[in-house]
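First up is the structure itself, then whatever we jot down about it.
None of the figures in this text is laboratory data; all of them are computed from the coordinates on show. Here the structure is a predicted model, which means the values were calculated and not measured. Cβ placement follows ideal geometry from the backbone for every residue including glycine, while neighbour counts extend to all protein chains displayed.
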Amino acid sequence: MGLRFGLAKMIGATLTWGLRSVCHRPAANTPGKIALYADPALISDLAPRLRRGSVVVVGTNGKTTVTNLLADVVERSGQSVVCNRTGANLDSGVATALLQSKGADWGVFESDELWMAKILPHLQSNYVVLLNLFRDQLDRCGEIDRIQDSIVATLGKSPKTVLVYNADDPLCAMIAERAAALPGRGTTPSVPFGVAESMDLAQNAVADATVCQRCSSMFEYGFRQYGQLGEYRCPNCGFARPELEFSAEDVELGARGLKFAAVDRRASSDVAGDAGAAWSCDVRASFSGAYMVYNLLAVATAASLLGCAPDDVAEAIDAFDPKNGRLQDYEIEGHRVLLNLAKNPTGFNQNLRIVAQDAGPKAVAFFVNDKEGDGRDVSWIWDIDFEELASQRDCIVFVGGERRNDLQVRLKYAGVDARLIGGVDEVFAALSAGVGLPADAGVYAIANYTALPVVHAALNEAAKRAAAGEGGSREDAPASGDRVAASAPAAAAPTPTAVDGATSASAPAIADEQDPTLVIAHMFPDLLNLYGDGGNVRALEQRCRWRGIPVEVRRVEHGQTIDLSEVDLVFLGGGPDREQKLASSQLMRMRDDIVRFVEEDGALLAICGGYQILGKTWLLGEEEVEGLGVLDIETHRPGTSADRLIGNVVLDSTVASRPVVGYENHAGRTYLSAGMKALGSVRAGKGNNGEDGVDGALHRNVVATYLHGPLLPKNPEVADYLIRAALKRRSARTGVSACELAPLDDAVEIAANEYVVARFAPSAR
């Protein structure tokens, strides 16, 4: 400590006073950010203010809730706490919290997974609580492997830190295994927690970890909770869920609450921490959701290790009243309103389960932005199980935020008629105007990261007006929810005349219901679905059904085979390196059949990793991997997997009259031979390699591209191009003449397409 430290403290104090007293703004990040410039070792210098030590909470979902609730528990136990309660989870947020405190027993800090590398080595915390790892902001964070590597390396720089981790998540368990092998951590224990029994939940369509990271074999599950969480085991190498030291038992989930017993299973007190064995707590909460079981179990586990009594935990949970938009309740105009954050497929899916538990009439509003804090790519919305809403009675759905058009398309293909809104006030205006719901219908507002504060502020204002007797919404009030980006013209988001599947299906059908079935082979959806690519299959299937064309989707999962002579269209998606290699190995055993399928004019769509596999060679790290050789292309990789081509893409293509839009995120650089035709020329984005100005490849009836999005829903002409090719293949296969495609109402799809074009390549309109 010295001059730099003194200067940093002065800067922090001055900025905190100025922001609070003059600007009337919370001082959550800025004081620490500026002070760290003056003293890069500031967190290390301030760490001694924490008399007993600190806890760092990391994980994709639940960090803010767990951090704040754990801090509440510690305070109820009579100990003082420093906490970055606003969710400012970078080093600047932790530094700000420490600067604003003169000292405390414990520090409880939320940390971004990648930014923990700038926090934990300075704090040398007693505990790291690792909640879960799910796909989130892939354009910023990269694949989950990168996050795991960062967490392991960071634990290596704080060798005495005890890892408290969700053992039901194989990704977290692998971090624990790798960390235990690091130099200096051989005697540092870890504490696994998890749910001891199945919660009997419906399973999500997509899981983020199906492959063992030890040996690349597929997991088997005794039971699964959601996503990849559950009782897993690798049948090849034996990697399995560790024996739980803290567990949730006798779990009960209801529409408006949950309960379970949090039990310390340790046989002795010789593990790190202040609590002994036989600790248990009856957990009850007025909010529900399987993910909250894990959050509350993490709180109970950490609280026990910090020496807190079960009553402290129970009382803190009972008194927990979040005011930050996470599981926040309102009463507005007679409506019970629940606001919550969801920023990835798992988060949205768990919120949908909460909505589904409410059997009464309800309005649901989703808000999705694509700002830097959210991740620019919104492909992930296709991994949300919105189909669950289609079967719910007395449920009206609204969509807002910058990417409301994308949400509307996604919901259309789920069979849900979603209404475009500029802000959450419009939900209450619609309910007041009469939309077929009773006056006391529930309202659910679910928003991603940057959309949440705006929706939160609007609901706070509406609640104030309602409490003052002014009504929760006013027709002359501006929409106060999150809006379409200012750069996008209002015309980019029209309200279509027809949006649902039933309307589209009512178009005059030329297909004969007695026609033979058009068969789509979805190859290895358990391996190749990294960026919502399965949405392409959903689009193909729905567009056939809306036209009365009999269609069957055959899911060919890892280890399964299919006779391609019975197939009309093949789909290959993208995937992480490990999964791509597994898929490639199995496809190579089918090479002759695939080559024959293509040469016989079978239709094939390949995205990203699937595109690479079709070529002569592609790279797995430094390993050159042989491809199928269907396309005369080669894929190279300069530098590391971090050297990626990322962003929105707009193409001019011969297969569509409108620009083709999508999102790219790839480390490989693909080069076409002189005789290969590209899918299109790039108006915005990088394409195949960032050099030659083209993306993808066209060969016979093969469409290959780097465009996720997924590609087809916002590009219906490309979808119909493939369907026509598949119908010709069906005709050749069965001898039945191919039908003409009936026109569909594509107003929703076109609006989403035009929004992307107007925002990222306005000259292409």
Mind sorting out which of (i) 65, 39, 30; (ii) 38, 31, 26; (iii) 44, 31, 26 is the real semi-axes √(5λ) of the Cα gyration tensor in Å computed from the coordinates? (iii)
Neighbour-count ranking for Thr187, Thr96 (other C-beta within 10 angstrom, fewest to most) reads Thr187, Thr96
Largest first and to the nearest Å, give the Cα extent of the range 152-307 along each principal axis. 47, 40, 25
Residues Ser158, Ser657, Ser304, Ser44 arranged by fewest to most Cβ contacts within 10 Å: Ser657, Ser44, Ser158, Ser304
Have a look at Ala180, Phe219, Ser391 and report the one farthest towards the positive end of the charge dipole of the chain, computed about the Cα centre with Cβ charges (Lys/Arg +1, Asp/Glu -1). Ala180
Residue-wise HN-Hα coupling along the range 396-411, computed from phi with Karplus coefficients 6.51, -1.76, 1.60 (Hz; x: Gly, Pro): 10, 10, 10, 9, x, x, 4, 9, 5, 5, 4, 4, 5, 4, 4, 5
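What size of dipole, in debye to the nearest 20, comes out for the range 182-256 about its Cα centre when the only charges are +1 on Lys and Arg C-beta atoms and -1 on Asp and Glu C-beta atoms?
Values: 6 positive and 10 negative charges, 84 e Å.
So the magnitude is around 400 debye.
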Roughly how many Å is it from the Cα centre of the range 544-583 to that of the range 30-59, as a whole number? 51 Å
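Explain nothing, just the number: relative contact order of the chain, from Cα pairs under 8 Å at least 6 residues apart, as a whole percent.
Details: 1729 pairs, mean separation 64.4, N = 765.
Worked out over the chain, it gives 8 percent.
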Under the helix-only model (-39500 (n - 2.57) for each DSSP H run of 4 or more, divided by the residues of the chain), the mean residue ellipticity at 222 nm, to 500 deg cm²/dmol, is -9500 deg cm²/dmol
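Evaluate Rg over Rh across the range 511-764, taking Cα atoms for both radii and Kirkwood's formula for Rh. Write out the running numbers ahead of the final one.
Values: Rg = 17.2 Å, Rh = 18.1 Å.
Here the Rg-to-Rh quotient is 0.95.
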5 Å is the cut-off here: which amide hydrogens, built 1.01 Å from N in the peptide plane, fall below it relative to Lys343, excluding neighbours closer than 5 in sequence? Phe348
Whose amide H sits under 5 Å from the amide H of Leu620, counting only residues 5 or more places off or on another chain, with H placed in the peptide plane? Val625
Which entries of Lys371/Lys714; Lys118/Lys464; Lys63/Lys412; Lys371/Lys412; Lys160/Lys259 have Cα-Cα distances beyond 29 Å here? Lys118/Lys464; Lys63/Lys412; Lys160/Lys259
Which residue, Ser763, Ile613, Ala674, has the largest displacement toward the positive end of the dipole of the chain when charges sit on each Cβ (Lys, Arg +1; Asp, Glu -1)? Ser763
Could you work out how far the C-alpha centroid of the range 699-765 sits from that of the range 435-452, in angstrom? 33 Å
Computed E for Gln586/Asp632 - FRET, C-beta separation, R0 25 angstrom, nearest 0.05: 0.65
Can you give me the Kirkwood hydrodynamic radius for the range 613-728, using every pair of distinct Cα atoms, in Å to one decimal? 14.5 Å
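Where does the range 525-613 land on Rg/Rh, using Cα atoms and the Kirkwood Rh? Walk me through the intermediate numbers first.
On the way: Rg = 13.0 Å, Rh = 13.6 Å.
My calculation of the ratio gives 0.95.
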In the range 41-319, if every C-alpha pair distance is counted and binned at 5 Å from zero, what percent goes to each bin? 1, 6, 13, 18, 20, 18, 14, 7, 3, 1, 0
Largest first and to the nearest Å, give the Cα extent of the range 328-492 along each principal axis. 42, 36, 28
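Could you line up Lys464, Lys362, Lys412 from fewest to most neighbouring Cβ atoms inside 10 Å? Kindly include the intermediate steps, with their values, before the conclusion.
On the way: Lys464 12, Lys362 21, Lys412 28.
The most exposed by this proxy come first: Lys464, Lys362, Lys412.
Rounded to the nearest 0.05, what FRET efficiency do Arg146 and Arg555 have when you use their Cβ-Cβ distance and R0 = 25 Å?
Numbers: r = 29 Å, r/R0 = 1.15.
That pair, Arg146 with Arg555, gives E of 0.30.
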